[in-house]
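**Student:** This is the structure, below, for whatever I ask next.
Each value in this text was obtained by applying a stated rule to the coordinates, not by laboratory testing. Not measured: the values here are computed from a predicted model. Don't worry about glycine lacking a Cβ; one is built from the backbone with ideal geometry, like all the others, and counts go over all protein chains shown.
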Amino acid sequence: MTDNLVDTTPKQKCIQDRTTRLSPAIYHPLLDLDKSKLEKIPPKPVPPPPPVVKYTIPPAYDVIGVNPSRYDCCVQKVIDEMGKYIKEFKMIFVLGREDSPRDIVQFFPKYNFLFRAGTTPGTDPGVLANLEAHMPYFRSIGCKNYYYVDDLLIYENNKAPIKLMSGCDGIIVPTNQMVEAIQAEHVEVPIHVMKTHMDLPSFDMTPPYGLLTEKGKVNVLFASQGRVGAHLIVEMCEIMDQNPSKYKNVKVICLSHAVAQMRSILNRFRNINKCYYEYMPINAYYGLAQGIDIFLSPGEERDLDYMMDESMRGPWLHSKSCHKYTLAGAARKPGIYSPLRDYKEHVKHGETGFLANGVNEWIDYLDLLINDVDLAEKIGINARRDIENNFHIYRRIEQLVEIFKGIPQHLVSKKVEESKGISIYDVLGEDEA
Amino acid sequence: MSEAIKLAVVCGDRSGPFYHDYGIPLFYFGNYNLITSTCYDAIALDVLKGHEIVQFQRQYAPESLMCLRWLKDNGIPTVAHVDDNVWNIPDGNPAKVTYQGSTLDRFFFILHEANAITTNTPYLVKLCKKYNPNVYLFRNLVESKITSYLTPGRDNPDEIRIGWHTTPHHWDDFPPVFPALVELVKNYPQVKLVFIGWLPNQVAEKIDFKRFEYYDFVPVDAFYPCLANLDFDIGIAPLMDNEFNHAKTARKMQEYAILKVPAVVANTPNYREWKHGETCIKPSTNDPDGWYKALKWVIEHKKERDKLADNAYKQVLMNHDINKFIYERAWSYYEIYEQVTGKKHPFAEDIQSRSPIPLTTTRMI
């Protein structure tokens, strides 16, 4: 019976084994040595203790940008670009997971900034319902919700974006056309128009893209997401392809997401000098723009026939901001634009750019800008002045801070007007600048 | 008068494999009046019960399994589809994220409980047989009209464009080829590398950006016009000789062949159909030296590489032309229907009489 005093069941054996392995005080072989021998063994260097982790919770952010599906240009423009200049708020961006409040709550934000939430076609209805339900939840913990959208995507997923907007404390859009479209859906939340901006300090610091510094070439940029402007570019290329000697110094640069599609429709114009670039991070995009001589921004209703009903095409196009104009202006270069609403509001035809209808007008203005270098330069300088005065990122930052602080929009507009900066042209004069 | 069998395809995704195995063939089924087919992104029993046979593509949700059982109980034949070696996915491969845990378990349940399995390679047939004795082999189908997307001429006729259309799933197939490409770029100033779908990191890091082009994914329905216009002079298809890759088809070679692009493909069992020196070039060893020599030979022998492309084009039309072999694909569904229900579909004879090729079983015994 005494043999049974030691329990040899597997569980007990396991404990024994573990004790054998882990208890040097009892089983350490050095215990059998003489103390004198022990002293001769050089002491092992003691590693420094690990640093004490003081933070058990993540640092607090004031503004959290949340995007439903991807890190896109809106997030880059608002969170990355504006965020770095805003001293009043600390901003961070959280990708995806719109169905989970945990990602956001852990930052203890004061403001929750939803980018295009619910606009991805085919988003799970459960995800959308969950996101909608979080609006009052965030409000209950003292966090305000804002919605930002820069394309007329509000009808996606059975108007899910409209529902989400209705639960927010404010909506921010870049154009008046979008305000009208949202108001037509009876959304009663305050809508703030925050026009597109240009981060001129960053832009001016970006060197031109290496591939575009070929001497004697006129670099013409056609940048488009999707197929907007594709019809007109094909028509222009067709004309250029038939006059190879006339356009031998012109290089057509196509920039787009999935640019192989653009290549597949332009490849047949073998007499034109062309190159293609994929969608790139915003700094690289600025570098590309620095090497461009003429900017093209066409957009016609027929380009959208593959993606939406005829009645929607006009409003969708006219809701686009004049971003390409700000890019051209920043680069001090001229551009040709389709007469979309925001472009018509800001581009002074013949002074800061050209508004063109139909391929013949587009080609005429292109020829004019290629041949008349002085005119191109003058338009570029005018455009730059306009961008500095009206689209500088500093102006938008003031506006965004005021929106978050909750000052009514009419007062914000006045304040921005009063704080109009002094352009470098006002100080130096046009020639010196 | 009898009508074609009604097929429902429950889509798991709308990716490339779906497009090749269903998106395109379903269109031809309709064109040739072989099968009346519809694709569904969501499972709805009241809709599916109106069909005579239901195909599950990349389905592993709990409701997919329940749906499959319900269809079987109601006498509607069910077919599962396998297009990857989910049994042996290498660590680091993005597919491993999808096929794991309970998702993988349900996938196996679906394979086991479906009336039949369809798959694309003999290697996958062997693996599927462990779960279900009724395995049917799909032949890869290639549209001959892809050739019409090609644009004559070149922007820069002196350039030799070595292209690879790929995905990040091939990250471990690239290392043996990369040093060879670096050497080629160094030794042949006219060589330009073209990537579509994925740009390996090491290319962007080690190769001058003037010497390569990169194109992102495009929507699947735009893929062939885009691929045809990348102006490949030589196409490559690197592949490691491992169990995961053995399950892959030779689609890349077939696509190069239909576009008349001479190809250098890995010397693995996947490309057994394509003979070295006749329809393609295979590196003697799957290492930088083997790839360098193979590519060097193709670069330096313009006439011979054109001949390879011609032969490959003829072979792909002979063995994979969708206009011919769509009948064989359709016939698989009629066979499964007959096997499950025990009666021949009334429209089967009509197909047999119209088929340009003799229709034999695609069931693998």
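**Student:** What is the ratio of the Cα radius of gyration of the protein assembly as shown to 2.2 N^0.38 Å, where N is its residue count, to two decimals?
**Tutor:** Taking N as the residue count of the protein assembly as shown, the ratio is 1.15.
**Student:** Further, regarding this structure: If R0 is 30 Å, what FRET efficiency do you get for B:L317 and B:C39 from their C-beta distance, rounded to 0.05?
**Tutor:** Step by step, r from the Cβ atoms, then E = 0.65.
**Student:** Now for a different question. Could you calculate, for region A:270-368, the ratio of the Cα radius of gyration to the Kirkwood radius, expressed as Rg to Rh?
**Tutor:** Reported Rg/Rh (Cα atoms, Kirkwood Rh): 0.98.
**Student:** Hey, fewest Cβ within 10 Å first, where do B:M253, A:M240, B:M240, A:M205 land in order?
**Tutor:** A:M205, B:M240, A:M240, B:M253
**Student:** A further question on this structure: Among B:Y131, B:N33, B:L104, whose Cα sits farthest toward the positive end of the charge dipole of region B:1-134 (+1 at Cβ of Lys/Arg, -1 at Cβ of Asp/Glu, about the Cα centre)?
**Tutor:** Farthest towards the positive pole: B:Y131.
**Student:** At a threshold of 8 angstrom on Cα-Cα distance, excluding pairs fewer than six apart, so keeping six or more, what relative contact order does region B:144-319 reach in percent?
**Tutor:** Worked out over region B:144-319, it gives 24 percent.
**Student:** Here's something else I'd like to know. Taking the Cα centroid of region B:297-329 and of region B:192-261, what is the distance between the two, rounded to the nearest whole Å?
**Tutor:** Cα centroid of region B:297-329 versus Cα centroid of region B:192-261: 17 Å apart.
**Student:** In whole Hz, what ³J(HN,Hα) sequence does region B:92-99 give by Karplus (6.51, -1.76, 1.60; θ = phi - 60°), x for Gly and Pro?
**Tutor:** x, 6, x, 5, 5, 5, 6, 8
**Student:** Limiting things to C-alpha atoms, what are the Rg and the maximum Cα-Cα separation (Dmax) for region B:282-332, in angstroms?
**Tutor:** 16.3, 45
**Student:** Placing +1 on the Cβ of each Lys and Arg and -1 on the Cβ of each Asp and Glu in region B:144-319, which of B:F195, B:A294, B:W164 has its Cα farthest towards the positive end of the resulting dipole?
**Tutor:** Of the candidates, B:A294 comes out farthest on the positive side.
**Student:** May I ask you to evaluate 6.51 cos²θ - 1.76 cosθ + 1.60, the Karplus curve with θ = phi - 60°, for each residue of region B:172-180 and list the ³J(HN,Hα) values in order in whole Hz, giving x for glycine and proline?
**Tutor:** 8, 8, 7, x, x, 8, 4, x, 5
**Student:** For region B:257-365: lysine pairs with Cα atoms under 21 Å, gap of 8 or more or different chains, count?
**Tutor:** Eligible lysine pairs with Cα atoms under 21 Å apart amount to 27.
**Student:** Let me ask something additional. Less than 13 Å apart at the alpha-carbon level, and either on another chain or at least 8 residues along: which aspartates and glutamates does that give for B:K6?
**Tutor:** B:E52
**Student:** Quick check on region A:354-402: take the gyration tensor over C-alpha atoms, sort the square-rooted eigenvalues as a ≥ b ≥ c, and tell me if it's rounded (a/c under 1.5), prolate or oblate. Could you put the intermediate results ahead of the total?
**Tutor:** Values: a/c = 6.14, a/b = 2.20, b/c = 2.79.
Oblate, because a/c is 1.5 or more while a/b does not exceed b/c.
**Student:** Round to a whole angstrom and tell me the spacing of the C-alpha centers of region A:358-378 and region B:109-183.
**Tutor:** Computed from Cα coordinates, the inter-centre distance equals 48 Å.
**Student:** Rounded to the nearest 20 debye, what is the charge dipole size of region B:144-319 about its Cα centre when +1 sits on each Lys and Arg Cβ and -1 on each Asp and Glu Cβ?
**Tutor:** Details: 22 positive and 24 negative charges, 93 e Å.
Using only the charged Cβ atoms, the result is roughly 440 debye.
**Student:** For region B:144-319, what class follows from the C-alpha gyration tensor (a ≥ b ≥ c being the square roots of its eigenvalues): rounded when a/c is under 1.5, otherwise prolate if a/b is larger than b/c, else oblate?
**Tutor:** Taking the square roots of the gyration eigenvalues as a ≥ b ≥ c, region B:144-319 is rounded.
**Student:** Turning to a different aspect of this structure: 7 Å from Cα along Cα→Cβ at both B:R211 and B:D105: what's the point-to-point distance in nm?
**Tutor:** 5.2
**Student:** Next question. Using the structure shown, select from A:K195/A:K217; B:K72/B:K252; A:K195/A:K378; A:K163/A:K405; B:K126/B:K192; A:K84/A:K378 the pairs with a Cα to Cα distance greater than 29 angstrom. Present the calculation step by step, with values, prior to reporting the outcome.
**Tutor:** Values: A:K195/A:K217 33 Å; B:K72/B:K252 36 Å; A:K195/A:K378 25 Å; A:K163/A:K405 24 Å; B:K126/B:K192 41 Å; A:K84/A:K378 32 Å.
Check vs 29 Å cut-off fails for A:K195/A:K217; B:K72/B:K252; B:K126/B:K192; A:K84/A:K378.
**Student:** Separation between the B:E63 and A:A284 pseudo-spin-labels, each 7 Å from Cα along Cα→Cβ, expressed in nm?
**Tutor:** 3.9
**Student:** Going by amide H atoms built from the backbone, whose H comes under 5 Å of the H on B:V194, apart from near neighbours?
**Tutor:** Correct list: B:I162, B:G163, B:W164, B:E213.
**Student:** Please turn the phi angles of region B:9-14 into ³J(HN,Hα) values with the Karplus equation 6.51 cos²θ - 1.76 cosθ + 1.60 (θ = phi - 60°), one per residue in order, whole Hz, x for glycine and proline.
**Tutor:** 10, 8, 7, x, 8, 10
**Student:** Treating the beta-carbon of each Lys and Arg as +1 and of each Asp and Glu as -1, no other charges, what is the dipole magnitude of the protein assembly as shown about its Cα centre, to the nearest 20 debye?
**Tutor:** Using only the charged Cβ atoms, the result is roughly 1800 debye.
**Student:** If you don't mind, another one. Hey, what's the Cα Rg ratio for chain B versus the globular rule of thumb, 2.2 N^0.38 Å?
**Tutor:** That ratio works out to 1.04.
**Student:** Continuing with this model, one more query. If you put +1 on each Lys and Arg Cβ and -1 on each Asp and Glu Cβ, how big is the dipole of region B:242-365 around its Cα centre, in Debye rounded to 20?
**Tutor:** Using only the charged Cβ atoms, the result is roughly 200 debye.
**Student:** Considering only DSSP beta bridges with both partners in chain B, what is the antiparallel share in %, to the nearest 5?
**Tutor:** 5
**Student:** To continue, here is another question. What distance in nm separates the simple spin-label points at A:K217 and A:N390, each placed 7 Å from Cα in the Cβ direction?
**Tutor:** Calculated label separation equals 3.3 nm.
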